[in-house]
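**Student:** Once you've had a glance at the structure underneath, I'll fire off some questions.
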Amino acid sequence: MNKLNIIVCVKQVPGTNEVKMNKETNTIIREGVEAIINPFDTYALEEGLRIKDKTSGKVTVMSMGIPTVADLLKETIALGADETVLLSDRAFAGADTLATSYALSMGIKKLGSYDLIICGKQATDGDTAQVGPSLAEKLKIPHSTYIRKIEEIREGYIRCQRMTEDGYEVIEMSLPAVITVVKEINEPRLPSIKGMMRAKKANVTVWTADDINADKNLCGLRGSPTQVVKTFVPVHEVQSEMLEGTPQEQAKSLVDKMINMQFKTCK
Amino acid sequence: MASINIQIEKCIGCKICIGSCPFGAIKVEDKKAQILENCTMCGACVSSCKFEAIDFKKDEVAYSYDLASYKGVWVFGEQVGGTPANVAFELLGEGRKLADNLNVQLSAVLFGDNVEEAARTLISYGADNVYMVDHPTLKLYNDEAYSDIFVQLIQKYKPEIVLLGATTYGRSLAPRVSSRLNTGLTADCTSLEIDPDKKILLQTRPAFGGNLMATIICPNHRPQMSTVRPKVMKAMEPDKSRVGKIIRADVNIPEVVSVKVVNVVNNLCEMVNLTEADIIVSAGRGIGDPKNISLVEELAKTLGAAVGASRAVVDSGWIEYSHQVGQTGKTVGPKVYFACGISGAVQHLAGMSSSDTIIAINKNPDAPIFKIATFGIVGDVLEVLPALISEFKSRLG
C-alpha cells in the first residue's frame, strides 16, 4: 500500500467540565480553566494515527491559535504525530470560521501534498461544525461529515460511513478530501513513554501569516464576515413542582398532571 | 488592523470587564485592566465598562457588495425520499415572519428527484416561491452536487437571508456554500430577528455549552446565512389553498462529482428519530445496571417515545452512542422529556433544556436536573419507573 499523508486539524478549547457560573455577576468563571485539545479532535488524531500505522504514512497536526497552543501540539507528538505546525499571528485573532478555514487552507497549501485531512466533528466551545466543510471548500476538495467508520482507504480513494439522523450512509470519495469524525469512530490511545520522550525534544513549527502567504484582509477579525454584537447569560426560569409520596402516588399525580396538560402518547 | 485597548487613565480597576469576557482574556494588575494575548476581539467587554475605558477599533472593511441588490428570505427545503423534513416547515414559519418584517418574499429551495409534490407542500407551509431543481442525480443528498447548485441559485437570485436546518445535511451543506460565497454563517441559532433600524439579521445562538448566548450579525456580506436546530422554531399550520410559484430553476447540474453515496442504512427505524421525537425517555447512570435500560425502553414503548441517554450511560457501553443527548451527542427539543436517573450535568442540559416539559426522576434531591424540571420526582428510578409504566398503561393505554 502506498504511504498516505494525513493532516489532522485540532483546536485548543477550555476544558469545559470546569465551566462554572459566577452567581453574582452571572458570567462564566474562566480563571484557572485549563486548556485542552478539543475532545472531538482527539478522535481525528487517533484515526490519522491508525491510518499511519496501517500504511506507514505520516501524520501532521495543524492548529491555529495563541503561542501556548504549542504545548498542546507536543502532546500530539507523544501520541505519535510526526510533525506539528502552529499558525500563530496577531493577524489571526478574532477569526470566525471562514477566516479560520482560510488560514488553515493556506497553511496546508504550504505543507504540500497530502491525501486526507481529518477534523473532529465540531469544537466544544463554539459547537459550529463549520471549519471542516469550509476548509474543504477553500482547498477545492470534497468533504464528508460525521464519519463513524473508514471502511477502506488507499491512494486516491476512501469509502466511509457517515452518521445520519436515521442510521448511516456509505460514502465514496476521491482523495484528497476532508472528513470530520464522530467519537464513535475509535478509542484514542494513550501516549507511550517513548512518545513522551520524543515530545519533550520535539519542536513545533510556528508559521505567521506572512510565512503562509496569507492575505491579511482575509485573516482574523478583518477577514470575518460575522461579528459578535452582544453576549448574555440565558435565564432559565422554571417553576419546578416536586411530586411527593410513595412511587405509586408520585406516578399517579404525575399522570394526573399530564392528562390535565392534554398530554397524548405518540402511538 | 483591529485593536482593543484599555485607556489607562479611565480604568479604575473595578474588574467588571473580567466577568464579561467569554475567553478569560482580561486581567487586572495594579488596579488597571490588561488585555491578554488570547483576546479574540469579540468586543463583548466594551459595553461592560461603566467608565468607557475600553477602546475597540474595528477595521473599516472595504467591500464590493451591493447590499441592496440582495432581496428576499430563502429556506432550504431539506427532503428525504420526496418528503420535506419538519425543520423545513419550522424554518418557513420563522422565515415568514422575517420576510413580512422586511416586506420581501419568502422562498424555499428544493433539490431532489420527483419532488413537485414536496414543492406544493412547502408552499402550503408559507413559501411564496419554490426554486426547484428536479433531477434523478439529486435523489440522494450529495454535498458536492447540492452545494454547487445552491451556490448557482444564490448568485443568480441574490437572497439577503438563507436559512438551513442544523441537521446532518444542513450542517455540512451550509458551511460549504457560505465558504464558496465568502459570506458569514451562524450555526445553531435559537432566535432570529430583524434589527429595526439597520434591517439586518440578528442571529442569537448558544455558546460554551449553552452557558452563554451570543448575538451575531453579518453586516457587510450577503447573503446572511444561519442554521437552526430542529424543533426550535414553530411551523405554521399548513394551508393547501395557499398560492405560490414553483420555479424550475435553470442551473448546471455537475456531471462528475467526486463524492458518491453508495448505500443508505436506516438501522434506527425501529425507534423514533431522537431529534424529531415529540417524547423522549432518557436513561442516566442512576439506572444502576445495563439491564435496567429495559425499564426505560418499556416506558418509551408505552408512550411511543424515543430512547435517549446521558453521556455516562453511553461511555459505560450500556447503550449506543446514537442515543446520546447532550453537548457531545444530539440536541433535542421534544414536547416531553423524561430524565430517568440523570443528574443533569451542564453538557447534558445543553442538549435538552429547550424541551417543553421536563420530568426528572432522581434519588438526589439536590441534583441539578431538578432546577430545570417542570415536574420532579425524588425517588429510586427502579421503583418509580415501574409505577409510571403501569399508571400510564392503565390510564392512557
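The values are calculated or read from the model by the stated rules, or taken from the named source; none is laboratory data. This one's a predicted model, so the numbers in the text were calculated from it and none came from an experiment. No Cβ is skipped: glycine too gets one built from the backbone with ideal geometry, and neighbour counts run over all protein chains shown. Protein only, heavy atoms only, side chains kept; ligands, DNA and RNA dropped before computing areas. Shrake-Rupley method; radii C 1.70, N 1.55, O 1.52, S 1.80 Å.
**Student:** Once the Cα gyration tensor of the range B:3-57 is diagonalised, what are the square roots of 5 times its eigenvalues, in whole Å and ordered largest first, as equivalent ellipsoid semi-axes?
**Tutor:** So the equivalent ellipsoid measures 15, 12, 10 Å along its semi-axes.
**Student:** Considering the dipole of the protein assembly as shown built from charges on the beta carbon (Lys and Arg +1, Asp and Glu -1) around the Cα centre, which of B:76, B:56, A:157 is farthest to its positive end?
**Tutor:** B:56
**Student:** While we're looking at this one, here's another question. Determine, from the Cβ-Cβ distance of residue B:250 and residue B:100 and an R0 of 35 Å, the FRET efficiency 1/(1 + (r/R0)^6), rounded to the nearest 0.05.
**Tutor:** Once the sixth-power term is evaluated, E becomes 0.75.
**Student:** What part of the accessible area of the range B:274-396, given as a whole %, is carbon or sulfur when the probe is 1.4 angstrom?
**Tutor:** 50 percent
**Student:** I've got another one for you. Please work out, to two decimal places, the log10 of the ratio I(q)/I(0) at q = 0.10, 0.18 Å⁻¹ from a Debye calculation in which every Cα of the range A:5-223 carries one identical scatterer.
**Tutor:** One equal scatterer on each Cα of the range A:5-223 leads to -0.43, -1.37.
**Student:** Here is a further query. Along the Cα→Cβ direction, 7 angstrom out, place labels at residue A:197 and residue B:137. What is the inter-label distance in nm?
**Tutor:** Going by the 7 Å Cα→Cβ label model, 5.6 nm.
**Student:** So between residue B:315 and residue B:285, what do we pick up on full extension, going 0.36 nm a residue minus the alpha carbon distance?
**Tutor:** 9.8 nm
**Student:** Could I ask something else about it? For peptide B:165-175, compute the average count of partner chain beta-carbon atoms within 10 Å of each residue's beta-carbon.
**Tutor:** What the average comes to for B:165-175 is 6.
**Student:** Which residue fluctuates most in the GNM of chain A (Cα springs below 10 Å): A:218, A:116, A:45?
**Tutor:** Result: A:218 has the largest fluctuation of those listed.
**Student:** Can you compute the FRET efficiency between residue A:157 and residue B:114 using 1/(1 + (r/R0)^6), with r the Cβ-Cβ distance and R0 = 35 Å? Round to the nearest 0.05.
**Tutor:** 0.65
**Student:** Right, something else. What's the magnitude of the charge dipole for the range A:5-223 around its Cα centre, counting Lys and Arg as +1 and Asp and Glu as -1 at the beta-carbon? Answer in Debye, nearest 20.
**Tutor:** Taking the Cα centre of the range A:5-223 as origin, the dipole is about 520 debye.
**Student:** Taking the alpha-carbon distance from residue A:252 and a cut-off under 17 Å, which lysines remain once sequence neighbours fewer than 8 residues away in the same chain are dropped?
**Tutor:** A:264, B:393
**Student:** I would also like to ask the following. Give the cross-link partners of residue B:198 among the lysines, using a straight C-alpha distance below 23 Å as the criterion and excluding same-chain residues fewer than 8 apart.
**Tutor:** Qualifying lysines at Cα under 23 Å: A:230, B:57, B:58, B:71, B:97, B:158.
**Student:** Taking 1 over the mean of 1/r across every pair of different Cα atoms in chain B, what Kirkwood radius in Å do you get?
**Tutor:** The Cα-based Kirkwood calculation yields 23.6 Å.
**Student:** Please give the charge dipole size of the range B:232-294, origin at the Cα centre, charges +1 on K and R Cβ atoms and -1 on D and E Cβ atoms. Round to the nearest 20 debye.
**Tutor:** Dipole magnitude for the range B:232-294 comes out near 120 debye.
**Student:** Okay, moving on. Please work out the Kirkwood hydrodynamic radius for the range B:67-248, using every pair of different C-alpha atoms, and report it in angstroms with one decimal place.
**Tutor:** After inverting the mean inverse Cα-Cα distance, the result is 16.0 Å.
**Student:** Return the value, in Å² to the nearest 100, of accessible area buried between chains A and B (probe 1.4 Å, both sides summed).
**Tutor:** 8800 Å²
**Student:** Separate question: Counting only DSSP beta bridges with both residues in chain A, tell me the antiparallel percent, nearest 5.
**Tutor:** Percent antiparallel among DSSP bridges in chain A is about 45.
**Student:** Could I ask something else about it? Report, as a whole number in µm² per second, the diffusion coefficient that Stokes-Einstein gives for the range B:327-387 at 4 °C and 1.567 mPa s using the Kirkwood radius over alpha carbon pairs.
**Tutor:** 112 µm²/s
**Student:** Can you give the percent of C-alpha pairs in the range B:205-283 whose distance is more than 18 Å?
**Tutor:** In whole percent, the share of Cα-Cα pairs in the range B:205-283 beyond 18 Å is 77.
**Student:** Between residue B:236 and residue A:210, what FRET efficiency follows from the Cβ-Cβ distance if R0 is 51 Å, with the result rounded to 0.05?
**Tutor:** 0.45
**Student:** Mind checking the mean number of beta-carbon atoms from other chains within 10 Å of the Cβ atoms in B:210-221?
**Tutor:** 6
**Student:** Only bridges whose two residues both fall in the protein assembly as shown count here: according to DSSP, what percent of them are antiparallel, nearest 5?
**Tutor:** Bridges in the protein assembly as shown that DSSP calls antiparallel: roughly 40 percent.
**Student:** Report residue B:120's accessible area, 1.4 Å probe, all protein chains in place, as a number in Å² to the nearest 10.
**Tutor:** For residue B:120, solvent-accessible area is about 120 Å².
**Student:** OK, next. For chain B, set up a GNM with springs between Cα atoms under 10 Å and report which of B:214, B:53, B:367 has the largest fluctuation.
**Tutor:** B:53
**Student:** Take every Cα-Cα distance within the protein assembly as shown, group them into 10 Å bins from 0 onward, and report for each bin the whole-number percent of pairs it holds.
**Tutor:** Each 10 Å bin holds this share of Cα pairs: 3, 15, 25, 27, 20, 9, 2, 0.
**Student:** In square angstrom, what is the accessible area per residue of the range B:149-287 with a 1.4 angstrom probe?
**Tutor:** Accessible area per residue: 40 Å².
**Student:** If you don't mind, there's one more thing I want to ask. Using DSSP, restrict attention to beta bridges with both residues in chain B and report what percent are antiparallel, rounded to the nearest 5.
**Tutor:** If we restrict to bridges inside chain B, about 30 percent are antiparallel.
**Student:** Taking 8 Å as the Cα distance limit and 6 or more residues as the minimum spacing, I'd like the relative contact order of chain B as a percentage.
**Tutor:** Across chain B, relative contact order equals 12 percent.
**Student:** Using 5 Å bins from zero, what percent of all Cα-Cα pairs in the range B:1-140 falls into each bin?
**Tutor:** In order of increasing distance, the bins hold 2, 9, 15, 11, 7, 6, 8, 9, 10, 10, 7, 4, 2, 0 percent.
**Student:** How big is the dipole moment of chain B about its Cα centre under a simple scheme where the beta carbon of each Lys and Arg is +1, that of each Asp and Glu is -1, and everything else is neutral? Debye, nearest 20, please.
**Tutor:** Charge dipole of chain B: 500 debye, to the nearest 20.
**Student:** Whole-Å semi-axes of the range A:126-267's equivalent ellipsoid, largest first, each the root of 5 times a Cα gyration tensor eigenvalue?
**Tutor:** Ellipsoid half-lengths, sorted descending, are 46, 26, 22 Å.
**Student:** Of B:374, A:2, A:185, which is farthest along the charge dipole of the protein assembly as shown in the positive direction, counting Lys and Arg as +1 and Asp and Glu as -1 at C-beta?
**Tutor:** After comparing all options, I get A:2.
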